[in-house]
Structure formats: C-alpha cells, structure tokens
Amino acid sequence: MKKSRQNSNKPISLKKTIITSVFGDKIDEELQRRLREDIDYVGSFHYGRNEIKYNIKSKCGINFNDAKIDSKKTAGFFQNRKNESLFYQYWIMDKTRPLVFFIHGNAENSTTHPFFLYNLLFQKYNLFVFDQIGYGDSDGIRGSLDNFNDYIDNIDDFINFARNSNNLYKNDIYLAGFSTGALEVLYYYIFKDKKHSKEVYNNTKKIFLFSSFFKPHRRLINFPAEIFLIIFSRFFGKDRLIKQVKQKTILESDEEFYIQTYKNLTDNADFLKRRKSDTRIYKVNSNRWISRIILAQIRLFIRILFNRKSAAKDIRNLKVYFYVSENDFVVDNRQTLKIAKLLNLQNNVVISKNAFHDFMDYEDERGANFYSDLNKKLQD
C-alpha cells in the first residue's frame, strides 16, 4: 500500500510536461476511432420558399431526396499517388456545363456545406468534391499532416481522376475553396507545374475563394507563437496532437456547449446544430499541421509579392473572386486584401456584411446577398 501511495504522489516529470505542452500528446487511438465512426443523420434547410431535406451517411456522402439530383451522383474512393484512399462524390448534371471543383476547409469534409452544394446542383453545374487526407471518410490521422504539398497533390489527383473517369476534357473548370481549402486552391493554381497540368491550367476559367485562410487571425495565433511555430516546424512530429482532451468533451457535449465552443466560427446556430451531428468534424490539431499551414501561407505570399508580374500573368485570363466575411475571427482579412491588391484584383473582393467566417449556410439576408452575388458571377 505504501508503494502505491508513493506512486500516486510521484511528481510529474518536467521534461514530459515540456514535451506535452510544446509538441503535444501521443495519438489517442480510441479518440481517432471515434472520429472515424460511421454517421447517418438527416437535416434540412430552406432554399427560396422550399424546404430541402438531406441525408448524410458515411461512405455514401450526401443525398438531397431529389431524384433529379441524386440520380446524377457517383460516390466512392479513389487512390492518390501515395496509394491512400480518399472519399469522393460528384454529380454530372449536364456534360455541356462547367466543372466545379470545391475544396473544403479544416475540420470539415465534403458534406459540411449542404446549402452551398445544393445551390450549384440546382443550377445544373457539374460538381466534384472529396474528403482531404485526414478528414471525413478518407485515410489519414485526424488533426495531423505530413506535408502541405500532400493536399496539393490530392487536388491534382482528384481533378485528373474525375476528368478521366467521365471523359470530360474540354469543359470549363471552376475552382473553389473555403478557408484552408481556399489557400489550397490558390496555392495549387499558382505553384502547379503548368506543363504537367496544361489542360487543367488552360481550362480553368474562374476561381472562387471563400474566407481564405491566407493568414490566421491574431486571436488564434499571435506573433510570438507564429515565430515559434516557424522556427521549430521541422521538430514537430505528425504523431503528436493537441486538443485531444477538449475534443472528447465536445463529443459528449450538448448543443448549447457546442454552439458556445464554435461561436467565433459562426453565429448561425441552426447550422451548428446540424454540424454537431457529424462527429467526424473535429477540433483535434497538431503543431505540425499548424506550422505547415503557416509556412505554406508565407510561401504563397512571397511568391506573389516578389513575382507579382508572373503571378498576375498566370491569372490574367481568369476571373478570380475573394469573398471576405466582415466579422471573421479565424482569418486575418488584411492578408486577403493585400494578395488581391498585388494581383490587381482589389475590385474582385466581395465583403459579406455582418457575416462570420463560416458564412455559406446562412438562410437570412446575409445568405441571400451572398448567393445572389455568387450566382451572377458563376453565370458571367
């Protein structure tokens, strides 16, 4: 008994405390399993005067209970260049229409924004989405990342897979991304080897960037923390995670706690209530992921800053639009405005008044204004 008492009072190792606080905890395999558990739930939203019901199910994606849309859908898994399985969905609505490739943001998946997806499908755009590595039903550690270029390669692999599977080589391509997905989209287009992806490069006509994560809001990461993450980036392992304890609390929480947890993400309580049902959406993260994202943000900005003529030339034949949320507590909007100005696209910035970071599922006046503007730009 004495030995047991001594063990219980044993001081925590300072070395272990430092490692945990700086580099994170070892992966909680049970938590990873819970974040991969199958989900199956229903939800609804209002589109115009109609109530649109949908069902989201693991390994099936989203269905809208609309035969005209659901019958056009294909879902499954494709293998990326690392032989990892990534879940995808696409809808071929009209083979003469443009192909829209939408890249989701962090802690999301390809089904997180039903309203946005439905809006495109209702207008008969051919829509292609997939779960990035580490998200949704795809392979990968939840909350971690090997290299940022893995995201970029996955976009390239998916576009090629989708076009080859459907013999769609001449259609116009629209690229779109939300938050970190917007960062990935612009990075992909500017850094991608144009000779290797000549057809995709030439066929891309429009790019839509929503709440672009070009720089984190200082509320999330202050300057000293950012410098620390940059300097020690190479030392962060992908098998060390942060916020695992908080994630467990979120999984067991009620709706009120969930809404309070994500109140800086959006003030759309109805959207958050629906979002809570998807337990694959997580807050788990890693310093490796954060540092890799910050370094990618810096590389993109430097490329545009010091090669602005070349970068502007790359997109001179495109229509590129930046959608900025006025009340964004996730993204530093000033960086988006700088990038738009460097690319001579300051007139293509659309500010969503009184909107939060996650603004694409508003059903009020803010949503109506956003979709009215977006739909006009899609058709122009």
Tell me yes or no: at least one residue of region 291-306 is surrounded by fewer than 15 Cβ atoms within 10 Å (Cβ to Cβ) and either closer than 17 Å to residue 208 by Cβ or in contact with a strand residue (DSSP E or B) (Cβ under 8 Å, 6 or more places away or on another chain) (or both). no
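So how many residues does region 162-201 have that are more than 20 Å from the chain's Cα centre (by Cα) and assigned to a helix (DSSP H, G or I)?
Qualifying residue count, region 162-201: 8.
Does residue 78 satisfy the condition of being farther than 27 Å from residue 330 by Cα, touching a helix residue (DSSP H, G or I) at 6+ places or on another chain (Cβ under 6 Å) and either among the acidic types (Asp, Glu) or part of a strand (DSSP E or B) (or both)?
Spelling it out, residue 78 is indeed farther than 27 Å from residue 330 by Cα, touching a helix residue (DSSP H, G or I) at 6+ places or on another chain (Cβ under 6 Å) and either among the acidic types (Asp, Glu) or part of a strand (DSSP E or B) (or both).
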Tell me, please, whether a residue that is outside any helix (DSSP H, G or I) and basic (Lys, Arg) can be found in region 292-306. no
Out of the residues in region 221-243 meeting the condition of being in contact with an Asp or Glu (Cβ under 9 Å, 6 or more places away or on another chain) and under 16 Å from residue 106 (Cβ atoms), tell me which one is modelled with the lowest pLDDT. 238
Among (1) more than 30 Å from residue 307 (Cβ to Cβ); (2) buried (at least 18 other Cβ atoms within 10 Å of the Cβ); (3) modelled with pLDDT of 95 or more, which single condition is residue 185 missing? (1)
Being touching a helix residue (DSSP H, G or I) at 6+ places or on another chain (Cβ under 8 Å), of a type in the set (Ser, Thr, Tyr) and farther than 17 Å from residue 43 by Cβ is the filter here, so list the residues in region 260-295 that pass it. 261, 282, 291
Which condition does residue 140 not pass, out of (1) over 25 Å from residue 368 (Cα atoms); (2) not in a loop (DSSP other than H, G, I, E, B), if it passes all the others? (2)
Scanning region 296-307 residue by residue, the ones that are at pLDDT 95 or above and touching a helix residue (DSSP H, G or I) at 6+ places or on another chain (Cβ under 6 Å) total 2
Name the residue, out of 206, 170, 198, 215, that is in contact with a strand residue (DSSP E or B) (Cβ under 8 Å, 6 or more places away or on another chain) and farther than 29 Å from residue 278 by Cα. 206
Go through region 222-237 and give me each residue that's of a type in the set (S, T, N, Q) and either loosely packed, with under 11 Cβ neighbours inside 10 Å or more than 12 Å from residue 295 (Cβ to Cβ) (or both). 222
What number of residues within region 334-357 are crowded, with 19+ Cβ neighbours inside 10 Å, within 16 Å of residue 266 (Cα to Cα) and not small (Gly, Ala, Ser)? 2
With respect to residue 30, determine if the residue is of a type outside the set (A, V, I, L, M), in a helix (DSSP H, G or I) and at pLDDT 95 or above. yes
So which of 106, 154, 119 is crowded, with 17+ Cβ neighbours inside 10 Å, assigned to a loop (DSSP other than H, G, I, E, B) and in contact (Cβ under 8 Å) with a residue 24 or more places away in the chain? 106
Within region 203-223, the count of residues that are within 19 Å of residue 350 (Cα to Cα), of a type in the set (A, V, I, L, M, F, W, C) and not in a strand (DSSP E or B) comes to 2
Considering only region 92-122, state which residues are out of contact with any Gly (no Cβ under 9 Å at 6 or more places or on another chain) and polar (S, T, N, Q). 96, 119
Residue in region 238-249 that is surrounded by the fewest Cβ atoms within 10 Å (Cβ to Cβ), counting only those that are hydrophobic (A, V, I, L, M, F, W, C) and touching a Ser or Thr at 6+ places or on another chain (Cβ under 8 Å): 242
Can you name every residue in region 53-75 that is assigned to a strand (DSSP E or B) and either modelled with pLDDT under 95 or hydrophobic (A, V, I, L, M, F, W, C) (or both)? 56, 62, 75
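Let's see how each residue does on (1) under 26 Å from residue 147 (Cβ atoms); (2) among the hydroxyl-bearing types (Ser, Thr, Tyr); (3) buried (at least 16 other Cβ atoms within 10 Å of the Cβ); (4) free of Cβ contacts under 8 Å to residues at least 60 places away in the same chain:
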residue: 59; (1), (2), (3), (4): no, no, no, no
residue: 62; (1), (2), (3), (4): no, no, yes, yes
residue: 70; (1), (2), (3), (4): no, no, no, yes
residue: 73; (1), (2), (3), (4): no, no, yes, yes
residue: 84; (1), (2), (3), (4): yes, no, yes, yes
Can you tell me which residue is surrounded by the most Cβ atoms within 10 Å (Cβ to Cβ) among those in region 22-57 that are under 20 Å from the mean Cα position of the chain (by Cα) and within 30 Å of residue 234 (Cα to Cα)? 35
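The values are calculated or read from the model by the stated rules, or taken from the named source; none is laboratory data. All of these numbers come straight from a predicted model, not from anything done at the bench. All Cβ positions, glycine included, derive from the backbone under ideal geometry; neighbour counts span all protein chains shown.
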